[in-house]
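The next block holds one structure in the form of structure tokens; read it before the comments.
The values are calculated or read from the model by the stated rules, or taken from the named source; none is laboratory data. Note that this is a predicted model, so its numbers are computed, not measured. Virtual Cβ from ideal backbone geometry, glycine too; neighbours counted across all protein chains shown.
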């Protein structure tokens, strides 16, 4: 394992080199001290990584450096020596970190090396870290014999009852079998309540007895963590993509980086999204595909919340090899078993949805689309709002089977305050009944894939 640092980081610990490269802490590790650790220095001309891990003081880590490590599949570990280091690591939401004075066990965990089962406290909760099988993972031209990456304790919540009744999932050595379904919830720019709709549909899936995960893959800033009051959690989707980039993502690892929300007998896994739009480079298309493929093998239903933009950046960029901001969105749509298209009921929202449909069809082909007109209300669509929007969609887009979900601001506010899906807050009401009808249409499309909305 090739670990790179700089002089400023090495100076915080008198025995830094012996701790990082010690045989019993990191076998076969080679510590390199560079004058300056830059994103450009970590990758060769073909974009292949030149190192396996980066250890730097937290204050020296930039979003650009973090993105370069994610794209190259390089593990990055922050060293917290001063409050400034801690503050920057918190701002970047980087939970793979060690604090001074360094200890060999913390270095081992941070570098992603396996170990025996241990209790790692997290506030008043604890996460059981089981021994990880060893894999042969290729990194660039080198082959590194390392354990499956174990997420740092602060990166994931405690494992709860989700999936406790099911048989343990073994670490795959190849692509896992696809058994679950991917439901992608999308809406054009300005669509109201796309994320809330995704969460409400996930709540319906759990009521149907299906193990469910919500994947927040929104590249312009995720909303699921806010809707579920998970502000203290590191973005699970970014952690999962880092594991995928290193070819160490398994069902067990994916469950560990997913937060768990429970309410009574209902339980829901969540891969929280990036909180800041500038971190979109952490969600590379290939990594997102791997995450969704692994989610299929781990849960019955994956509800994916994606961004609005369907533009292919290649058409406006002179660098054909640069990362694409909308690549993650397009990858999610390409992996969908069914797409839930969300439109508002006002004339502006409907026109945007109608104009976006041809482009959506180019991306997803014959994948079924369930059109949902959300937050239906007379004040925006006239005295007979349902008839009005149905007529508009039929006339201008040929969509004759759109479903309408009435506006219920009070229920959505209660759901937001409680940090739960709206369909968990109450089992009655027009909103809940309408969302259930949407879920029935979605689940029906799995059995009859040929029924496609125009």
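The figures follow:
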quantity	calculated
Unique match (being modelled with pLDDT under 90, surrounded by fewer than 21 Cβ atoms within 10 Å (Cβ to Cβ) and more than 30 Å from residue 97 (Cα to Cα)) among 177, 158	177
Helices (runs of 4 or more DSSP H) wholly inside segment 294-400 that include at least 2 residues being modelled with pLDDT under 95 and within 30 Å of residue 430 (Cα to Cα)	347-364, 378-381, 385-397
Neighbours by Cβ (under 6 Å, 6+ apart or cross-chain): first from segment 416-441, touching a residue at least 60 places away in the same chain (Cβ under 8 Å); second part of a loop (DSSP other than H, G, I, E, B) and surrounded by fewer than 16 Cβ atoms within 10 Å (Cβ to Cβ)	419/229
Residues that are within 11 Å of the chain's Cα centre (by Cα) and part of a helix (DSSP H, G or I), drawn from segment 210-254	224, 225, 236, 237, 238, 239, 240, 241, 242, 254
Selection from segment 192-215 of residues that are at pLDDT below 95 and within 29 Å of residue 348 (Cβ to Cβ)	192, 193
In segment 265-279, the residues that are part of a loop (DSSP other than H, G, I, E, B) and in contact (Cβ under 8 Å) with a residue 24 or more places away in the chain	272, 273, 274, 275, 276
Positions within segment 260-276 being closer than 15 Å to residue 217 by Cβ and surrounded by 22 or more Cβ atoms within 10 Å (Cβ to Cβ), in sequence order	269, 270, 271, 272, 273, 274
In segment 1-30, the residues that are closer than 18 Å to residue 105 by Cβ, outside any loop (DSSP other than H, G, I, E, B), under 33 Å from the mean Cα position of the chain (by Cα) and modelled with pLDDT of 75 or more	3
Any hit, segment 48-60, residues being surrounded by 14 or more Cβ atoms within 10 Å (Cβ to Cβ) and without any contact (Cβ under 8 Å) to a residue 40 or more places away in the chain	yes
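Residue-wise test of (1) modelled with pLDDT of 80 or more; (2) touching a helix residue (DSSP H, G or I) at 6+ places or on another chain (Cβ under 6 Å); (3) in a loop (DSSP other than H, G, I, E, B).
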| site | (1), (2), (3) |
| --- | --- |
| 67 | no, yes, no |
| 79 | yes, yes, no |
| 87 | yes, no, no |
| 90 | yes, no, no |
| 95 | no, yes, yes |
| 101 | yes, no, yes |
